[in-house]
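Reviewing the structure listed below.
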Amino acid sequence: MSRYRGPRFKKIRRLGDLPGLTSKRPTVGSELRNQSSSSKKSQYRIRLEEKQKLRFHYGLTERQLLKYVRIAGKAKGSTGQVLLQLLEMRLDNILFRLGMALTIPQARQLVNHRHVFVNGRIVDIPSYRCKPQDIITAKDDQKSITLIQNSLESSPREELPNHLTLHPSEYKGLVNQIIDSKWVGLKINELLVVEYYSRQT
Amino acid sequence: MMAASVDPLVVGRVIGDVVDMFIPSVGMSVYFGPKHVTNGCDIKPSIAINPPRVTLTGNIDNLYTLVMTDPDAPSPSEPSMRELIHWIVVDIPGGTNPKRGKEILPYIGPKPPVGIHRFILVLFKQKGPMGLVEQPTSRVSFNTRYFASQLDLGLPVATVYFNSQKEPQAKRR
């Protein structure tokens, strides 16, 4: 599937901090420059921007996100919460949250280039949905280990979400459980995203 | 056993947003036409124009109050009208249906403008026959907990909720 390959800083200036897309942070000056003349945002724009935040953070196409929304809608429970759980359990995102990659596009490339094992088998699909008790390891060759080691060394030491366990010496991560909503890696109002996709015609 | 049936209400945040934790003690089945309402199921607004068929279990000597409310009005992300009250019926004898009770507020069907709304039917057991019950002055900013405390109804004895969202209109050429 195609993905966004354009300028990233432009996106974070518009949408705010997107840790999955880039480790850069929007500066104060750029935010002021970007404010449009009309301070009042329409309801549609508020929902659209929230949806775009989600899309660019997780590196999804519009079609992929729409599929996830439909799956979440069929599941029991809050559609928004289920949507975030589905996105957080993607393999590329799990690698990013473990610190094995600095951004989700980097994690995506690691997976695509077959540097990652899940339960002892190569998985090269970034959208692979991880399950509780999945073991994620670096492929046992020097190139793969070096790539992941570099990321682990340079990733900021943030508190690991409670649904993941990392064994840095073994380049291994474990998925303990389905993510709890308070550990989601993006500050977002998921209800706005569901409202964007709910039929507004 | 009964506690297990509350679980979808916790997941759907019905317990918390509208009612407090309770133990169901009365059976309540709800149908919109042929469609049986189960917790979290989708009901199209077009099939919920008329009041649902509600059947209660329980002793005919007991009286019950039924309210139907929407905690997501006008939109789930900003529920500034929480709760929008759709229906209130009091003095429903056990083992019968709301037609045998006294309608305080007439039924209006779901009309969610945006987003997926929860519509919650809450059943309370009365301590005795209701005297004069005032009709709420407005359908918006209703509070189920406050209503129950005003009428001394205590905790609910049964609750079921369904989801509903705006239906797509036929595109005109």
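Just so you know, all these numbers are worked out from the coordinates, no wet-lab data involved. Predicted, not measured: the structure shown is a model, and the values here were computed from it. Glycine also receives a Cβ, built like all others from the backbone with ideal geometry; neighbour counts cover every protein chain displayed.
Within the range B:112-159, the trypsin sites (Lys or Arg not before Pro) that combine a DSSP coil assignment with at most 13 other C-beta atoms in a 10 angstrom radius are B:127.
Per-residue ellipticity at 222 nm, computed for chain A from helices alone with -39500 (n - 2.57) per DSSP H run of at least four residues, works out to -13500 deg cm²/dmol. Seen against the Cα atoms of chain A and their longest principal axis, helix A:142-154 is set at about 50 degrees. Its DSSP H runs of at least 4 residues, each contributing -39,500 (n - 2.57), put the calculated 222 nm mean residue ellipticity of chain B at -2000 deg cm²/dmol, to the nearest 500. If you take the square roots of the eigenvalues of the alpha-carbon gyration tensor of the range B:82-153 and sort them as a ≥ b ≥ c, do you get rounded (a/c under 1.5), prolate (a/b over b/c) or oblate? Judged from the Cα gyration tensor, the range B:82-153 comes out prolate (a/c at least 1.5, a/b above b/c).
In terms of Cα atoms, the Rg and Dmax of the protein assembly as shown work out to 25.0, 81 Å. For the range B:38-173, the Kirkwood estimate of hydrodynamic radius, built from reciprocal distances between every pair of different alpha carbons, is 15.6 Å. Is the range A:90-175 rounded, prolate or oblate when judged by the Cα gyration tensor, a ≥ b ≥ c being the square roots of its eigenvalues, rounded requiring a/c under 1.5 and prolate requiring a/b larger than b/c? In terms of gyration-tensor shape, rounded. Ordered by the number of other Cβ atoms lying within 10 Å of each residue's own Cβ, fewest first, B:146, B:31 fall into the sequence B:146, B:31.
Given their separation in residues at 0.36 nm each and the Cα-Cα distance between them, residue A:165 and residue A:113 gain 16.4 nm when the chain is fully extended. Inter-chain neighbour count for A:189-198: the average number of beta-carbon atoms from partner chains within 10 Å of each residue's beta-carbon is 5. In chain A, one over the average inverse separation of all distinct C-alpha pairs is 17.8 Å, which is the Kirkwood hydrodynamic radius.
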